[in-house]
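Visitor: Quick one: structure below, then a few questions.
The values are calculated or read from the model by the stated rules, or taken from the named source; none is laboratory data. Values in this document were obtained by computation on a predicted structure and should not be read as measured data. For neighbour counting, all protein chains shown are included, and Cβ atoms are generated from backbone atoms with ideal geometry for every residue, glycine included. Areas reflect the complete protein model, heavy atoms only, side chains present, ligands, DNA and RNA absent. Shrake-Rupley method; radii C 1.70, N 1.55, O 1.52, S 1.80 Å.
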Amino acid sequence: MEIAMELDKIHHIAVQVEDIEKSVEWYKTKFLFELKYSDSSWALLKFANVSVALVTKNEHPPHYAIERDSISEFGAETRHRDGTHSVYISDLDDNTIEMLKL
């Protein structure tokens, strides 16, 4: 008998852009999504299956975020202005992964 295990969930993929406002407007002309948040340093675009974060180079590295109920095993949590907590880690090839707790 197999034991049911809940798989991790990708919360968002973050891509770096030069200008958040201009990029949000460009995405609006191409895709259907819900704009969950936007300021001068990042925006969160919610699609049906995953969100895309538009981030600036000075604020965030390009990354993908995995959502978990507990992330303390990955290091000290940082609380963000939107109420989430996260820990940034790197994989073996130095790709950035954000472990995210909502």
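Visitor: Inside the range 16-58, can you point out the residues that are over 20 Å from Leu102 (Cα atoms) and in contact with a Pro (Cβ under 9 Å, 6 or more places away or on another chain)?
Guide: Residue satisfying the conditions is Gln16 alone.
Visitor: Right, Lys101: free of Cβ contacts under 8 Å to residues at least 60 places away in the same chain, of a type outside the set (Asp, Glu) and open to solvent by 90 Å² or more (accessible area, probe 1.4 Å) or not?
Guide: Considered against the rule, which asks whether it is free of Cβ contacts under 8 Å to residues at least 60 places away in the same chain, of a type outside the set (Asp, Glu) and open to solvent by 90 Å² or more (accessible area, probe 1.4 Å), Lys101 comes out as no.
Visitor: Something else: I'd like to check something: does the range 78-85 contain any residue that is open to solvent by 80 Å² or more (accessible area, probe 1.4 Å) and among the small types (Gly, Ala, Ser)?
Guide: The answer is no; no qualifying residue exists.
Visitor: Among the listed residues Glu77, Glu67, Glu25, identify the single one that is on the phi < 0 side of the Ramachandran plot, of a type in the set (D, E, K, R), in contact with a Lys or Arg (Cβ under 6 Å, 6 or more places away or on another chain) and modelled with pLDDT of 95 or more.
Guide: Glu67
Visitor: Does Glu59 satisfy being closer than 20 Å to Ser38 by Cα and open to solvent by 70 Å² or more (accessible area, probe 1.4 Å)?
Guide: Considered against the rule, which asks whether it is closer than 20 Å to Ser38 by Cα and open to solvent by 70 Å² or more (accessible area, probe 1.4 Å), Glu59 comes out as yes.
Visitor: Then there's this: Suppose the filter is modelled with pLDDT of 95 or more, surrounded by 17 or more Cβ atoms within 10 Å (Cβ to Cβ) and either assigned to a loop (DSSP other than H, G, I, E, B) or not hydroxyl-bearing (Ser, Thr, Tyr) (or both); does Leu92 pass it?
Guide: Against the criterion (modelled with pLDDT of 95 or more, surrounded by 17 or more Cβ atoms within 10 Å (Cβ to Cβ) and either assigned to a loop (DSSP other than H, G, I, E, B) or not hydroxyl-bearing (Ser, Thr, Tyr) (or both)), Leu92 does not qualify.
Visitor: Tally time: how many residues in the range 1-18 are at pLDDT below 95 and not in a loop (DSSP other than H, G, I, E, B)?
Guide: Residues meeting the conditions: 0.
Visitor: Based on this model, can you work out whether Lys30 counts as in contact with a Lys or Arg (Cβ under 9 Å, 6 or more places away or on another chain) and open to solvent by 70 Å² or more (accessible area, probe 1.4 Å)?
Guide: Answer is no for this residue.
Visitor: Filter the range 62-73 down to the residues that are loosely packed, with under 13 Cβ neighbours inside 10 Å, assigned to a loop (DSSP other than H, G, I, E, B) and of a type in the set (D, E, K, R) and list them by number.
Guide: Asp69
Visitor: Output the qualifying pairs, or none if there are none: Cβ atoms under 9 angstrom, residues six or more apart or on different chains, first residue in the range 74-85 and touching a residue at least 24 places away in the same chain (Cβ under 8 Å) and in a helix (DSSP H, G or I), second residue open to solvent by 50 Å² or more (accessible area, probe 1.4 Å) and of a type outside the set (D, E, K, R).
Guide: Once the first residue is touching a residue at least 24 places away in the same chain (Cβ under 8 Å) and in a helix (DSSP H, G or I) and sits in the range 74-85, its partners that are open to solvent by 50 Å² or more (accessible area, probe 1.4 Å) and of a type outside the set (D, E, K, R) give Phe74/Tyr88.
Visitor: Within the set of pairs 6 or more residues apart or between chains, which connect a residue that is on the phi < 0 side of the Ramachandran plot and basic (Lys, Arg) inside the range 29-53 to a residue that is open to solvent by less than 100 Å² (accessible area, probe 1.4 Å) and not in a strand (DSSP E or B) with Cβ atoms less than 8 Å apart?
Guide: The qualifying pairs are Lys46/Phe33.
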